[in-house]
Each structure stands twice: as C-alpha cells, then as structure tokens.
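Worksheet for the structure shown next.
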Amino acid sequence: MPRVRFLPTFLLPEPVDVDVPPGTSLQEAAYAAHAPIGDACGGNCACSTCHVHVVEGFESLAEMDDAEDDILGKATDVQAISRLGCQALVGRADLVIRITPEGQLAFINEHPEHRGREGEIKG
Ligand code: FES
C-alpha cells in the first residue's frame, strides 16, 4: 500500500505516516493519521479548507477535474503542487503532504478546543 506522510503541523510536532489503499482521498488519509485538515463542506468540493500541497508524489494522484479546479482557485497560496484533500485520490506511489496554513486554520476554526493556537500553525 502507498504510504502518505504528513509534514508537521500545529498539532503534529513530527511527520506522521499512514498506509492507505489506492483510491483513498488525501483527506481520508489525514483523518487516519490524525492530521489536522479542514473539512468545512464535509468533503463535497465546495470550500477549499482541505487545501494541501503535495510535496512528493504529485504526478501519482488521480487527475484534477473541473470542479476541483474551480474550488481550488478560491484557496490561498495556491501552488502548482496544490490539491483539495477531499478530491485528490491516492495512486500507487508514496506521497508527502503539507497541510496548508489555510487548512490548519480551518481545522482550528472547526475545533474550538484548539482556539488560540493560530500562532503555532506551520507553513
Ligand atoms: S472539504 Fe470542502 S472542498 Fe474539500
């Protein structure tokens, strides 16, 4: 199974790895790794709070469709390696994922127990 590594975030001082079957979304992988990813729209491709940067393995992901491209255009700090975690499906290669500051902030906003940790967000 491919291994997905999530780089440190305000909640994770060290990288965390999770093995998932091909076809798993990056958001589902983040849930399995207990990595803080936003999901304001519940994974329905409507919010961009699950925005991630795919640091390694970008080409192995399933292709982006027009709906994802439209929503991603509303995100902040969009890069050539940007994807929506809820739409990007793992292929056969290992991946390294950075949950964007936008995604970490969204997680904080959705989880009141973490309010006040905005200054710990990692870029
Ligand atoms: S959770 Fe809203 S677009 Fe992914």
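Each value in this text was obtained by applying a stated rule to the coordinates, not by laboratory testing. What you see is a predicted model; the values in this text were computed from it and never measured. Glycine gets a Cβ as well: all are built from the backbone with ideal geometry, and neighbour counts include every protein chain shown.
Looking at the range 57-123, which GluC sites (Glu not before Pro) are DSSP coil and have at most 12 other C-beta atoms within 10 Å of their C-beta?
Details: sites: GLU59, GLU63, GLU68, GLU102, GLU110, GLU113, GLU118, GLU120; in loops: GLU63.
Within the range 57-123, the qualifying GluC sites (Glu not before Pro) (loop, at most 12 other Cβ atoms within 10 Å) are GLU63.
What are the residues whose amide H is under 5 Å from the amide H of LEU89, where those residues sit 5 or more places off or on another chain and H is modelled from the backbone?
ALA62
Please identify every one of the trypsin sites (Lys or Arg not before Pro) in the range 38-123 that sits in a loop by DSSP and has no more than 15 other beta carbons within 10 Å of its own beta carbon.
Working: sites: LYS74, ARG83, ARG92, ARG98, ARG115, ARG117, LYS122; in loops: LYS74, ARG92, ARG115, ARG117, LYS122.
Those that pass, being in a loop and sparsely packed, are LYS74, ARG92, ARG115, LYS122.
So what is the diffusion coefficient of the range 3-114 in µm² per second by Stokes-Einstein at 4 °C and 1.567 mPa s, using a Kirkwood Rh over Cα pairs?
It comes out at roughly 96 µm²/s.
Tell me, VAL78, VAL90, VAL52 in order of fewest to most beta-carbon neighbours within 10 Å? Please list the in-between numbers first.
Values: VAL78 15, VAL90 25, VAL52 29.
In order of increasing Cβ crowding within 10 Å: VAL78, VAL90, VAL52.
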